[in-house]
Ligand SMILES: Nc1ncnc2c1ncn2[C@@H]1O[C@H](COP(=O)(O)OP(=O)(O)O)[C@@H](O)[C@H]1O
Ligand SMILES: [Mg+2]
Ligand SMILES: [Zn+2]
């Protein structure tokens, strides 16, 4: 078979053929046209991006029989020999295979003083130059310090950091970029057409993606696919022969995660497993995919930065809108773990299945976290107006000053600046309610009811519950009274938590039963001190709080009315006042009560 590998057959012969390194060809062409040649060039960058190719093109430019030119003739003996790698005056040294000092010294030092055999310049192309031994570097350095006029060095490396500074400082450096996948695709399309290979765009795009920014690797992948399936190639052929995970499967996985579709995820794993995919490789591909989504989320949509095609970006954008940045970061961490577990497990398939389901449900956890965080913000804002930062003593689990620091202060500035003498509390003040908010909302609801019982706390004071029982609570009314008191103390979150549970009161003890541990139950567990105080104040004895998990679904009045409430929420969304509130606080409607009912 006289099949010539694509990479060799399609090596660019001129600067115009070079893909994705326009900044380099432009500079080199300019230098040639203005006779500003250097004695030493250093080309760095990942493999298969055109370093050796560029060195050979430049060598042809220098030695072409038509004269030093940016457009060599490609026909003269010099051009032909350079292209074939057998020119007497263009000497290629692969430092990776010839690390022996003597060899390099022999080749460079001994032949350097000899004039070119036929051509204008003696050109040394040293590939993987970072592999040279110290002694070889020293020999090279000497010649670089005083290079004969007819000698030009072109060095290439994939590991720039391993090249000594002494060498670097004597070279003109060029960094070869990874080639954007769209450009790889275009080049592969030209090659496929020239080779009369019938391959769909989708399939070819997968091949381009497999190159990971290296044109040589993409071309080798195309070779592999052709030898696997002949000249008629589909996307399935490509993913099979290259062992790739298709974009389609990745998208299916993400979609199932977004929809928490456990069955869908299990089906994906089944498909991967039965078609013989490496599950660890899959989880790494999925990680890369999450990384793309995360980058897009930050607003970067350049195809070059992402290393994906324009077409993929549109779909990535749409998918990324389904997740928050936190989600994606969390997914990424979870996947890192899964990947490790798959590696160590005898049952990699189970690990992947469990891991993916975990990821899917991570979004639900986040939703609850989010709601709680917003409520905490609301809570701290409601107390922020009248209480100093010292009020944290009544909320030991979380210091309000920490919560407040999370608030976007721009939204919450007062229209009039706080008085000067209050400098020390400016930070807290600036995070007060926005204009119009405090009077119409906070005072009317929580405060008014509260003021009947407790003295209005004054600015800068600590809200201290009255020690002795000054209120009488009718038997059977304890739970309601406790909730009222918590509202008064501006703990809507705790009230909310109680409403998520089944609550019973017996003799100085409040029992809250949850179906399973969640953020609310945890929060209640952290609030023992608060309940003790509330008990002392309301009932004349410390209130003990017991949080239980019964493993069964707890049907609370709240859940019963959930449907009705959701309807109500829909109906108030268009109310202008509600809209304003939602926008100002980037809020979300958590509850609605029908005042007409
Ligand atoms: N920028 C490029 N433009 C066109 N083809 C390229 C490019 N980079 C690499 N190739 C293809 O890959 C092959 C190997 O490229 P090469 O220049 O040897 O890469 P490097 O020296 O950077 O590892 C070339 O023969 C060519 O077919
Ligand atoms: Mg090379
Ligand atoms: Zn020529």
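The values are calculated or read from the model by the stated rules, or taken from the named source; none is laboratory data. Remember, predicted model here, so these are calculated numbers, not experimental data. Note: ideal-geometry Cβ built from the backbone for every residue, glycine included; neighbour counts use all protein chains shown.
Okay, here's what the table says:
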{"quantity": "Residue match in the stretch 311-319 (condition: in contact with a helix residue (DSSP H, G or I) (Cβ under 7 Å, 6 or more places away or on another chain) and either over 27 Å from residue 241 (Cα atoms) or not in a helix (DSSP H, G or I) (or both))", "calculated": "yes"}
{"quantity": "Residue count, the stretch 279-312 (criterion: modelled with pLDDT under 85 and either in contact with a strand residue (DSSP E or B) (Cβ under 7 Å, 6 or more places away or on another chain) or under 18 Å from residue 208 (Cα atoms) (or both))", "calculated": "11"}
{"quantity": "Every pair of residues 6+ apart whose Cβ atoms lie under 6 Å, when the first sits in the stretch 67-92 and is at positive phi while the second is outside any helix (DSSP H, G or I)", "calculated": "74/13"}
{"quantity": "Conditions (1) farther than 17 Å from residue 283 by Cβ; (2) modelled with pLDDT under 85; (3) in a helix (DSSP H, G or I); number of the one not met by residue 362", "calculated": "(1)"}
{"quantity": "Filter result for the condition that a residue is over 30 Å from residue 161 (Cβ atoms), assigned by TED's automatic domain parsing to the domain that holds residue 166 and touching a helix residue (DSSP H, G or I) at 6+ places or on another chain (Cβ under 7 Å), over 44, 35, 78, 25", "calculated": "78"}
{"quantity": "Test: residue in the stretch 146-153 that is away from ligand 2 (no atom under 16 Å from the Cβ), modelled with pLDDT of 90 or more and surrounded by fewer than 19 Cβ atoms within 10 Å (Cβ to Cβ)", "calculated": "yes"}
{"quantity": "Matching residues, the stretch 16-61, being more than 10 Å from ligand 1 (Cβ to nearest atom), touching a residue at least 12 places away in the same chain (Cβ under 8 Å), surrounded by 16 or more Cβ atoms within 10 Å (Cβ to Cβ) and part of a helix (DSSP H, G or I)", "calculated": "28, 29, 32, 58, 59, 60, 61"}
{"quantity": "Yes/no for residue 115 being within 13 Å of ligand 3 (Cβ to nearest atom) and at pLDDT below 95", "calculated": "no"}
{"quantity": "Residue that is touching a helix residue (DSSP H, G or I) at 6+ places or on another chain (Cβ under 9 Å), at pLDDT below 95 and not assigned by TED's automatic domain parsing to the domain that holds residue 136, where the choices are 263, 218", "calculated": "263"}
{"quantity": "Qualifying residue in the stretch 323-330 (condition: outside any helix (DSSP H, G or I) and either in contact with a helix residue (DSSP H, G or I) (Cβ under 9 Å, 6 or more places away or on another chain) or crowded, with 16+ Cβ neighbours inside 10 Å (or both))", "calculated": "yes"}
{"quantity": "Qualifying residue in the stretch 108-120 (condition: over 19 Å from residue 7 (Cα atoms) and within 16 Å of ligand 1 (Cβ to nearest atom))", "calculated": "no"}
{"quantity": "Flag for residue 135 being more than 16 Å from ligand 3 (Cβ to nearest atom) and touching a helix residue (DSSP H, G or I) at 6+ places or on another chain (Cβ under 6 Å)", "calculated": "yes"}
{"quantity": "The stretch 81-93, subset outside any loop (DSSP other than H, G, I, E, B) and closer than 14 Å to residue 123 by Cα, residue nearest to ligand 2 (Cβ to nearest atom)", "calculated": "92"}
{"quantity": "Single residue of 140, 144 found to be over 23 Å from residue 85 (Cβ atoms) and in a helix (DSSP H, G or I)", "calculated": "144"}
{"quantity": "Members of the stretch 504-526 that are at pLDDT below 90, crowded, with 17+ Cβ neighbours inside 10 Å and touching a helix residue (DSSP H, G or I) at 6+ places or on another chain (Cβ under 7 Å)", "calculated": "514, 520, 523, 524"}
{"quantity": "Options 104, 109: the member that is away from ligand 3 (no atom under 16 Å from the Cβ), in contact with a strand residue (DSSP E or B) (Cβ under 8 Å, 6 or more places away or on another chain), farther than 20 Å from residue 174 by Cβ and in a helix (DSSP H, G or I)", "calculated": "104"}
{"quantity": "Residue check for residue 73: assigned to a loop (DSSP other than H, G, I, E, B) and either away from ligand 2 (no atom under 16 Å from the Cβ) or loosely packed, with under 14 Cβ neighbours inside 10 Å (or both)", "calculated": "yes"}
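Let's see how each residue does on (1) surrounded by 13 or more Cβ atoms within 10 Å (Cβ to Cβ); (2) within 16 Å of ligand 2 (Cβ to nearest atom):
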| residue | (1), (2) |
| --- | --- |
| 79 | yes, no |
| 108 | yes, no |
| 128 | yes, yes |
| 165 | no, no |
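For every residue, the table says whether it meets (1) within 24 Å of residue 380 (Cβ to Cβ); (2) modelled with pLDDT of 50 or more; (3) outside any helix (DSSP H, G or I).
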| residue | (1), (2), (3) |
| --- | --- |
| 426 | yes, no, no |
| 446 | yes, no, no |
| 454 | yes, no, yes |
| 458 | yes, no, yes |
| 468 | no, no, yes |
| 472 | no, yes, yes |
| 475 | no, yes, yes |
| 479 | no, yes, no |
| 483 | yes, yes, no |
